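Below: the structure, in C-alpha cells.
The values are calculated or read from the model by the stated rules, or taken from the named source; none is laboratory data. What you see is a predicted model; the values in this text were computed from it and never measured. Every residue, glycine among them, receives a Cβ derived from its backbone with ideal geometry; neighbour counts consider all protein chains shown.
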DNA sequence: TCGCCTCGTGTAAACGTTTACAAGATGCAG
DNA sequence: CTGCATCTTGTAAACGTTTACACGAGGCGA
C-alpha cells in the first residue's frame with residue numbers, strides 16, 4: 001500500500017496542495033467549510049504528511065534528542081520516562097543516544113555529530129562538556145537543557161550536590177560514626193565530571209565540620225554500578241581499620257555494597273551503616289537510607305524548559321534546582 | 001553558522017553534486033583520486049548530508065523505533081541499552097516510544113501512527129497486538145521484531161514463559177512448600193497480554209504436577225511494579241491461611257514483596273519464600289532467587305535480526321528463544 | 001581501424017512538503 | 001457605484017538530497 005500524498009487529498013478536495021497544507025496544519029485564513037471538508041477527506045485517505053518531506057520543507061524535526069551515559073542505569077531510565085511523558089503530550093519524538101566512553105563523547109560533540117539536523121533540541125543527562133566542546137555546541141544553535149551536570153551558557157536542571165552530600169554525611173556523623181568511608185564513581189576520571197567532585201567536597205566539608213579526618217584510604221571507586229559498589233565495599237572492609245559507615249554516591253552502588261557486605265558476614269547496619277544517593281525505586285524495599293532526588297520530575301521539568309526554548313519562549317538560559325530530601329531507613333544506625 | 005550543502009562541496013571540488021554524493025556514500029564508479037579529493041573538501045567544510053533531505057530522497061531514515069510499555073521499568077531499560085549498542089555500531093538512530101495505556105496502544109497501531117515514515121524498523125517490547133491491529137502493521141510494510149510477546153507474522157525473540165514459570169514453581173515445591181502464592185501483573189487485563197497468562201499456566205502446571213491445589217485466593221496482582229508487589233504480598237499475608245512461598249512474575253515485584261513482608265514482621269525466607277523472574281541487576285544484592293533471562297542480550301540479538309530484516313537479508317520471520325536459568329539465592333528455603 | 005564494453009562523470013527528475021507572494025472574490029464605507 | 005480592506009485560494013519556488021539515465025573518453029579485441 002503506497003501512502004496517500006498531499007496531492008491526492010488536494011485533487012479529491014478540488015483545492016490546491018497549499019490549501020490542504022494550511023487546513024491540516026491549523027493555519028489561519030482557511031474557510032471553515034473548506035477546512036472541514038479537507039479534514040474529512042484526509043481522514044478517509046488515511047493521509048498523514050510524510051515526516052521527512054515536512055521536516056525538509058519546514059526545518060523542524062519535531063524530535064528531541066536525549067543523550068546520557070550508560071543506558072540501563074536507573075537514573076537515565078527515569079529521566080527518559082519523565083521526558084517521554086512531556087514530549088508525547090507535545091507531539092515530539094524522542095531520540096536517545098548513549099555516550100559511555102570518552103571516545104563516544106568526543107564524537108558526539110564534534111560538529112558533524114551532536115545529532116545535527118536530526119533534532120530540534122537536546123537533553124543532556126549527566127554529560128560534562130570539555131571547554132573546547134562547549135563552543136561547537138553553541139555554534140550548532142540547537143537549544144539545550146542539561147540535567148545533573150551543567151554546561152556553560154545552557155539551561156540546566158540540577159541539585160546542590162555539595163549540600164546534599166554534606167547533609168547525608170552529617171546524618172552519618174550525627175549517629176556517632178567517626179570512621180566514615182566514601183564510595184565514589186570513577187576517581188580516575190578526574191575533572192571529567194564535576195558532580196562526583198562536588199559530592200566529594202560536600203562529604204569532606206561535613207567531616208571537617210565535625211573535626212573528623214578524611215582518610216584517603218577510605219575512598220573507593222564504585223563506577224556507579226551495583227557490581228562496582230560491591231567491589232568497593234569489599235575493598236574498604238579489608239582495610240586494617242575498616243569504616244563503620246559509608247556514604248555512596250548512588251543507590252545502585254549502595255545496594256551492591258550492602259549485598260556484598262552481608263555476604264562477607266558484615267552486618268548492616270550493625271557493623272556498617274550505608275547511606276545512598278538518588279532515591280531509587282527499590283531503596284524502600286531495601287531499607288536503604290538515601291538522599292532522594294526527584295529524578296523523574298526533573299526529567300519532566302527539564303523537558304518543559306527545552307520545549308519552551310525550542311518555541312523561542314526563553315530569552316535567557318533557565319537554571320533550576322530540584323530539592324533533595326534525606327530519607328532515613330534501616331541501613332543507617334549508630335555504631336556498635 | 002549556516003551549514004555547508006552538497007553544492008558547496010561540488011563547487012569547490014569542481015564536480016557535480018551527483019559525484020559528490022556517490023563519492024561520499026561509497027558508491028562504485030568514482031575515480032579514487034576524485035573520491036579522495038571530495039572527502040578532503042567535505043571534511044574541510046565540515047559537511048554532512050542534511051538528514052531530512054537525504055531521507056526524503058532515499059526513503060531510508062536510518063532510524064529504528066523501540067516501543068515499550070511503562071518506561072522506567074528495568075526490563076525496558078535493559079532492552080534499550082542492548083538495542084542502542086547494536087544500533088550505534090550500525091549507524092542507526094534509536095527512537096523510543098512508550099505505550100502504557102490501552103489508548104496509547106490503539107493510537108500507536110492506527111495506520112497513521114506506528115511511527116509511520118519515521119523509522120526503517122520497529123522493535124516491539126512486551127507489546128501485544130489485538131488481531132485487528134496486526135493487519136494494519138503488516139500493511140505498513142515496516143520490518144518488525146518483537147521481544148517478549150509475539151505477534152503473528154513477525155520475527156520474535158522470546159523465552160518459554162510457561163516452562164520458566166513451571167521450573168521456578170517446581171523449585172518452590174521441591175523445597176517442601178504446599179501453599180504457594182502467585183503475584184501476577186494485572187489480572188484484570190485478561191487476554192491483553194499473553195505472557196502473564198503463560199506464566200500463570202506454567203505455575204499451575206507445576207502445582208498440578210505435584211498434586212497441589214491452585215487456590216485463587218492466593219493470586220494477587222502486582223502491576224509489575226515495586227509498590228504493586230508490596231501491596232500484593234500484603235494482601236496475601238492477610239489471608240486467613242497465608243502462603244509459605246510466593247512466585248512473582250517480575251523481580252521488581254518480588255523485591256517490593258520482600259521489603260513489605262519484612263516490614264510486616266514476616267521473615268523471608270523463614271516465614272515466606274519469594275522467587276522472582278527476570279534476573280534484575282539488584283537480585284544478587286537482594287539475595288533474591290529468580291528465573292533469570294538475558295534481557296540485554298535479547299535486546300541485542302533482536303536488534304541484529306531487525307537490521308537483517310531491514311537490509312532484506314531475511315526471507316522469513318525468524319523466531320528465537322533465549323535460555324533462562326534459575327538462580328537460587330537466600331530468598332527461598334524450605335518452610336519452617 | 002572499427003565497434004563495443006567499461007569507467008567516470010554530468011544532467012535532471014524525483015522525493016513530498018511548506019510558505020512567500022500574487023491574485024481573485026467578497027463586503028462595506030463613502 | 002467606486003475604492004479599499006479583508007478573506008480565501010492558487011502558483012511556484014524553495015528545502016537538499018539521491019539516482020536513473022545519458023554521454024564521452026579510453027581501452028581492447030578482431
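Restricting region B:22-45 to residues that are within 12 Å of DNA strand C (Cβ to nearest atom) and touching a residue at least 24 places away in the same chain (Cβ under 8 Å), the residue that is surrounded by the fewest Cβ atoms within 10 Å (Cβ to Cβ) is B:37. Any chance region B:140-152 includes a residue that's surrounded by 18 or more Cβ atoms within 10 Å (Cβ to Cβ) and more than 30 Å from residue B:316 (Cα to Cα)? No, the conditions are met nowhere in region B:140-152.
Could you run through region B:50-67 and say how many residues are surrounded by fewer than 21 Cβ atoms within 10 Å (Cβ to Cβ), free of Cβ contacts under 8 Å to residues at least 12 places away in the same chain and closer than 15 Å to residue B:121 by Cα? Number of matching residues: 1. No other residue among A:48, A:76, A:53 is away from DNA strand C (no atom under 16 Å from the Cβ) and within 9 Å of another protein chain (Cβ to nearest Cβ) apart from A:76. One residue alone among A:265, A:270 is free of Cβ contacts under 8 Å to residues at least 24 places away in the same chain, surrounded by fewer than 22 Cβ atoms within 10 Å (Cβ to Cβ) and out of contact with any helix residue (DSSP H, G or I) (no Cβ under 7 Å at 6 or more places or on another chain), and that residue is A:265. Beta carbons closer than 6 Å, at least 6 apart along the sequence or on distinct chains, pair a first residue in region A:4-15 that is within 14 Å of another protein chain (Cβ to nearest Cβ) with a second that is within 12 Å of DNA strand D (Cβ to nearest atom) for A:6/A:17; A:6/A:20; A:9/A:20. Does residue B:58 satisfy the condition of being within 9 Å of another protein chain (Cβ to nearest Cβ) and within 16 Å of DNA strand D (Cβ to nearest atom)? No. Within region B:311-336, the set of residues being crowded, with 21+ Cβ neighbours inside 10 Å and more than 14 Å from chain A (Cβ to nearest Cβ) comprises B:324, B:332. Among the residues of region A:27-84, those identified as in contact with a strand residue (DSSP E or B) (Cβ under 8 Å, 6 or more places away or on another chain) and on the phi > 0 side of the Ramachandran plot are A:62, A:70.
Within region A:126-143, is even one residue at the interface with chain B (Cβ under 7 Å from one of its Cβ atoms) and more than 18 Å from the chain's Cα centre (by Cα)? Checking region A:126-143: at least one residue is at the interface with chain B (Cβ under 7 Å from one of its Cβ atoms) and more than 18 Å from the chain's Cα centre (by Cα).
Screening residue B:6 with (1) at pLDDT below 95; (2) under 29 Å from residue A:62 (Cα atoms); (3) surrounded by 15 or more Cβ atoms within 10 Å (Cβ to Cβ) gives one miss only, at (1). Scanning region A:218-227 for residues that are farther than 15 Å from residue A:181 by Cα and part of a helix (DSSP H, G or I) yields A:226, A:227.
Within region B:9-21, the set of residues being near DNA strand D (Cβ under 8 Å from one of its atoms) and loosely packed, with under 14 Cβ neighbours inside 10 Å comprises B:16, B:18.
When we screen B:232, B:254 for residues that are under 26 Å from the mean Cα position of the chain (by Cα), within 20 Å of residue B:173 (Cα to Cα) and within 14 Å of chain A (Cβ to nearest Cβ), the only hit is B:254.
Against the test of being surrounded by fewer than 22 Cβ atoms within 10 Å (Cβ to Cβ) and at pLDDT 95 or above, the options A:173, A:183 yield a single qualifying residue, A:173.
Do we find that residue B:86 is modelled with pLDDT of 95 or more, touching a helix residue (DSSP H, G or I) at 6+ places or on another chain (Cβ under 7 Å), more than 8 Å from chain A (Cβ to nearest Cβ) and within 16 Å of DNA strand C (Cβ to nearest atom) in this structure? Considered against the rule, which asks whether it is modelled with pLDDT of 95 or more, touching a helix residue (DSSP H, G or I) at 6+ places or on another chain (Cβ under 7 Å), more than 8 Å from chain A (Cβ to nearest Cβ) and within 16 Å of DNA strand C (Cβ to nearest atom), residue B:86 comes out as no.
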